[in-house]
Amino acid sequence: MDGQGDLWSAGEGAGAGPRAAGDGAPAAGKGLGSAGAGGRAPAERPAEDVPADLEAARARVEALREQIRHHDYLYYVLDRPEIDDAAYDALMRQLRELEQRFPELVTPDSPTQRVGGRPAAPFARVEHAEPMLSLDNAFSREELEAFDQRVRRAVGDDVAYVAELKIDGLSIALTYEGGRFVRGATRGDGEAGEDVTANLRTIRSLPLRLRDRERPVPRRVEIRGEVYMTFDAFRRLNQEQEARGLAPFANPRNAAAGSVRQLDPAVTASRSLNLWVYALAGWEGDEPAPRSQWEVLQTLRAWGLPVNPHARRCTGLDELFAYIDEWAERRHQLPYLTDGIVIKVDDLEQQRQLGATARSPRWAIAYKFPAEKARTRVRDILVSVGRTGALTPVAVLDPVLLAGTTVSRASLHNADYIREKDVRIGDLVVVHKAGEIIPEVVEVVKEARTGAERPFSMPERCPACGSPVVRVEGEAATRCPNAACPAQQLERIRHFASRDAMDIEGLGPAIIEQLVGRGLVRDVADLYHLEPEPLAQLERMGPKSAANLVAAIDASRGRPLRRLLYGLGIRFVGERVAGLLARHFGTIQRLMAAGPDELMAVPEIGPRIAESVVIFFRDEHNRQLIRRLAEAGVEAAAGAPEPGSAAARAVVAAATAAGGPAGATGTAPGGPAAAGAPGTAAGGVAGAGAGVAAARRAGAGDGAAGAGFVPGAGPGAGAGAAGAPAAWPDVPPEVRERVAGKTFVFTGGLASMTRDEAQELVEALGGRATGSVSRKTDYVVAGEGAGSKLARARELGIPVLDEAAFLRLVGREPAGG
């Protein structure tokens with residue numbers, strides 16, 4: 001044990017044994033067959049009798065699965081094997097043979113089913129049971145003391161904390177129903193992530209069925225954790241990458257994230273991923289939920305999930321600081337990367353009282369370890385040109401190992417930074433990783449100078465296009481003012497195609513460089529005019545790759561407005577700001593027409609962002625770019641509104657105002673044109689791109705089979721796309737007044753619609769649907785099998801509606817009156 005209060009200890013390599021991800025296949029690593037070295041102790045091989053009838057086979061299959069799960073738990077979670085690999089393989093072989101003989105006995109949670117077929121591409125979007133928020137960071141004891149004071153002011157002095165190692169991996173959410181693993185998703189934007197179930201099933205420390213011997217398992221629960229890769233697995237993977245002529249991964253976190261997002265689960269299975277879990281969400285069931293974070297960890301462990309053995313409950317700052325000091329040194333002995341300590345208020349009721357901001361909980365904070373430092377020599381200083389024209393000096397270094405990765409380049413930021421640090425070519429320097437990610441020169445060892453070092457000056461002309469560079473007063477950056485600069489073009493296109501922007505798969509830097517270099521693409525609008533034939537002539541491309549790339553570009557035409565805004569690379573407009581602007585304005589035409597005051601009326605938008613947006617859209621080159629994107633069929637540029645925005649609801653209402661099939665023409669005769677697009681003289685089909693497609697993206701459907709949901713609808717209203725709710729034009733004002741501005745939480749199943757459809761309905765009426773109950777919740781809608789959210793609502797005195805009452809509230813009569 002790591003001292004009084006440690007949860008449990010199974011050795012620091014818990015869950016990182018040598019067995020490969022495939023069923024029972026041994027892997028290179030520690031010796032097999034010796035319990036002390038991570039193998040299984042020798043045991044007698046089980047008998048291989050084959051039952052003759054189905055019921056006997058069923059009993060034998062369940063017994064074998066239970067044995068295999070037990071040994072998986074001992075091996076992958078506790079690192080305490082009881083049998084050798086030969087005996088384990090015999091158990092697995094018997095199970096596989098029985099399932100082949102009796103295929104009706106195969107179940108998704110069987111140990112033989114870990115590596116299955118390919119998931120759909122792209123990965124489906126998955127809403128989280130509750131938002132997965134980011135944590136605020138602390139870098140000093142003073143910041144932790146201030147955090148402690150804020151907590152005590154809010155909930156009193158009776159506070160304890162749980163300290164956990166901060167694992168540098170990929171955050172994931174695991175959903176279990178009836179104790180069975182049914183879905184796994186990445187964190188994504190916090191509200192929703194990507195469905196990576198098939199890939200997560202290959203992680204051997206992730207149980208496909210929870211153990212319920214010590215603690216009952218609820219009907220449904222979402223478990224949060226971190227997928228990571230050990231240093232040994234990372235080194236092996238990079239050796240394999242280099243042997244195949246592929247680029248190595250930069251660090252274990254990138255390798256883990258890339259492995260989870262593979263299209264082929266077999267690739268993920270080969271990557272030796274591991275898992276730690278640490279949180280619960282969306283508890284639904286009659287079983288009492290844990291009341292503290294410490295109890296959460298104990299519960300997760302009892303269910304057979306891998307919990308990091310080094311968590312500790314601390315009753316004050318002295319214990320907390322002692323834990324931090326201990327792990328500032330001990331972390332270097334771990335077989336995986338940790339960059340800090342996560343500190344959480346232990347009492348879950350106190351967590352609820354403290355609440356959260358829009359981005360992070362007030363009851364938790366991440367203390368980041370001071371960055372590791374190393375000495376190396378500057379061999380050269382190069383200058384790169386970014387998508388905004390900023391020139392960034394980069395130090396070329398002698399390779400040095402730093403925080404688990406080899407560093408050969410480090411940012412020097414700008415001319416002022418070089419002058420302030422007095423960095424010269426040939427200097428011995430101290431480098432660290434800012435946030436343990438970005439290498440940075442922090443100090444020059446001036447006493448080591450020999451006189452041969454050479455000062456560096458920023459170039460007077462752009463190294464990419466030769467244009468004279470400029471430096472705007474008040475800015476640190478030196479910039480190339482030439483909008484046609486090929487380096488800027490390349491970076492703008494790369495950003496536009498990136499995963500968080502238009503997500504054009506297969507359009508990487510090497511392809512973009514060829515496209516720009518050969519004159520096939522001048523800007524992002526040109527991408528939508530590319531044909532397979534010239535693409536197939538590029539290096540490392542062929543007819544099939546070219547056709548796939550054209551298909552990926554075509555698929556990006558339907559990306560929502562927030563992605564387009566982020567992809568345009570407007571200064572100061574990151575992902576979050578792009579989402580706020582898209583949600584508020586609905587269409588790019590409305591945003592382009594907005595002035596500074598209207599922009600600053602949007603929450604979180606200040607004068608700097610407002611000015612940048614106005615300047616961007618006043619530029620004629622940028623306005624032409626938007627027009628060309630619209631002509632190329634990029635829906636967000638053509639007027640298709642952001643789903644869920646006021647403009648989306650206007651399009652939907654217009655699309656069905658005549659009472660005909662939703663999405664049949666995109667507008668109603670004599671009705672308003674789709675948001676932001678001019679209508680015809682007769683009020684007919686809306687302008688380019690804003691007709692059927694806009695109505696469909698807004699939720700109106702396209703006339704395909706499957707009746708949509710229309711509150712108070714009359715005959716002929718709302719034949720929408722299968723499974724998608726249609727719109728309603730004539731909701732009485734009193735209905736909107738009842739819903740607008742109200743916050744709803746749904747729990748349990750509804751008979752007349754899915755939970756997603758109910759949430760869309762609320763949002764279209766001006767309300768808000770969230771995943772967790774708080775004092776700010778106005779209504780909880782409880783359907784069949786409602787769980788902990790219902791209990792929480794009653795505890796807080798929040799009105800609870802059954803399905804019939806909810807339908808009446810939103811203006812629709814329930815079935816049967």
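Can you find a residue that is in a helix (DSSP H, G or I), surrounded by 15 or more Cβ atoms within 10 Å (Cβ to Cβ) and polar (S, T, N, Q) anywhere in the stretch 630-645?
No - not one qualifying residue is present in the stretch 630-645.
Take the stretch 746-762 and flag every residue that is in a helix (DSSP H, G or I) and surrounded by fewer than 19 Cβ atoms within 10 Å (Cβ to Cβ).
Hits for the stretch 746-762 are Arg755, Asp756, Glu757.
Could you grab me the full set of residues in the stretch 762-773 that are under 21 Å from Gln350 (Cα atoms) and at pLDDT below 80? Reasoning before the result, please.
From the stretch 762-773, those under 21 Å from Gln350 (Cα atoms) are 770-773; that's our starting set.
Scanning the stretch 762-773 gives Thr770, Gly771, Ser772.
Mind listing just one residue for me: the one in the stretch 396-414 that is closer than 29 Å to Gln489 by Cα and touching a Phe, Trp or Tyr at 6+ places or on another chain (Cβ under 9 Å) and, of those, modelled with the lowest pLDDT?
Looking at the filtered set, the residue picked out is Ser411.
Could we say that Arg261 is surrounded by fewer than 23 Cβ atoms within 10 Å (Cβ to Cβ) and touching a Gly at 6+ places or on another chain (Cβ under 6 Å) here? Step through it out loud before you land on a result.
Numbers: surrounded by fewer than 23 Cβ atoms within 10 Å (Cβ to Cβ): yes; touching a Gly at 6+ places or on another chain (Cβ under 6 Å): no.
Here the answer is no, as Arg261 does not meet what is asked.
Hey, among Leu280, Leu210, Leu273, which residue is under 30 Å from Glu66 (Cβ atoms), in contact with a Leu (Cβ under 8 Å, 6 or more places away or on another chain), assigned by TED's automatic domain parsing to the domain that holds Glu164 and in contact (Cβ under 8 Å) with a residue 60 or more places away in the chain?
Just one listed residue meets the conditions, Leu210.
Out of curiosity, is Tyr323 in a helix (DSSP H, G or I), modelled with pLDDT of 95 or more and buried (at least 19 other Cβ atoms within 10 Å of the Cβ)? Full working, then the answer.
On the way: in a helix (DSSP H, G or I): yes; modelled with pLDDT of 95 or more: yes; buried (at least 19 other Cβ atoms within 10 Å of the Cβ): yes.
Criteria met by Tyr323.
Across the stretch 490-517, what is the number of residues that are assigned to a helix (DSSP H, G or I) and either among the acidic types (Asp, Glu) or not assigned by TED's automatic domain parsing to the domain that holds Leu538 (or both)?
2
Of everything in the stretch 159-171, what is more than 16 Å from Pro361 (Cβ to Cβ) and at pLDDT below 95? Give them in sequence order.
Scanning the stretch 159-171 gives Ile167, Asp168, Gly169, Leu170.
In the stretch 204-320, which strands (runs of 3 or more DSSP E) lie fully inside it and hold 3 or more residues that are within 30 Å of Val780 (Cβ to Cβ)?
It comes to 220-228, 274-284.
Working only within the stretch 290-316, note down all residues that are touching a Leu at 6+ places or on another chain (Cβ under 7 Å) and hydrophobic (A, V, I, L, M, F, W, C).
Val296, Leu297, Trp303, Val307, Ala311, Cys314
Are any of the residues in the stretch 545-552 part of a helix (DSSP H, G or I), among the hydroxyl-bearing types (Ser, Thr, Tyr) and free of Cβ contacts under 8 Å to residues at least 40 places away in the same chain?
As a first pass, look at the stretch 545-552 and keep what is part of a helix (DSSP H, G or I): 545-552.
Retained after the next criterion (residues that are among the hydroxyl-bearing types (Ser, Thr, Tyr)): 545.
Cutting the leftovers down to free of Cβ contacts under 8 Å to residues at least 40 places away in the same chain gives us 545.
Yes.
I'm trying to understand the selection: among the residues of the stretch 594-625, which are assigned to a helix (DSSP H, G or I), free of Cβ contacts under 8 Å to residues at least 40 places away in the same chain and buried (at least 20 other Cβ atoms within 10 Å of the Cβ)?
Leu599, Ile609, Ala610 - these are the residues of the stretch 594-625 that are assigned to a helix (DSSP H, G or I), free of Cβ contacts under 8 Å to residues at least 40 places away in the same chain and buried (at least 20 other Cβ atoms within 10 Å of the Cβ).
When you go through (1) part of a helix (DSSP H, G or I); (2) touching a Gly at 6+ places or on another chain (Cβ under 6 Å) one by one for Arg812, which number turns out not to apply?
Only one criterion is unmet by Arg812, namely (1).
Any idea which residue in the stretch 460-476 is modelled with the lowest pLDDT, counting only those that are surrounded by fewer than 13 Cβ atoms within 10 Å (Cβ to Cβ) and not hydrophobic (A, V, I, L, M, F, W, C)?
Looking at the filtered set, the residue picked out is Gly474.
Just one of the numbered conditions (1) under 30 Å from Val155 (Cβ atoms); (2) not assigned by TED's automatic domain parsing to the domain that holds Arg330 is not true of Ser360; which one?
In the conditions (1) under 30 Å from Val155 (Cβ atoms); (2) not assigned by TED's automatic domain parsing to the domain that holds Arg330, Ser360 misses (2) alone.
Among the residues that make up the stretch 789-803, is at least one of them touching a Phe, Trp or Tyr at 6+ places or on another chain (Cβ under 6 Å) and part of a loop (DSSP other than H, G, I, E, B)?
Checked against the condition, which is being touching a Phe, Trp or Tyr at 6+ places or on another chain (Cβ under 6 Å) and part of a loop (DSSP other than H, G, I, E, B), the stretch 789-803 yields at least one hit.
For Asp503, are the conditions met, namely being surrounded by 12 or more Cβ atoms within 10 Å (Cβ to Cβ), of a type outside the set (A, V, I, L, M) and at positive phi?
yes
The values are calculated or read from the model by the stated rules, or taken from the named source; none is laboratory data. Treat the numbers as computed from the prediction; the structure is a model and nothing was measured. Cβ: placed from backbone, ideal geometry, glycine included. Neighbour counts: every protein chain shown.
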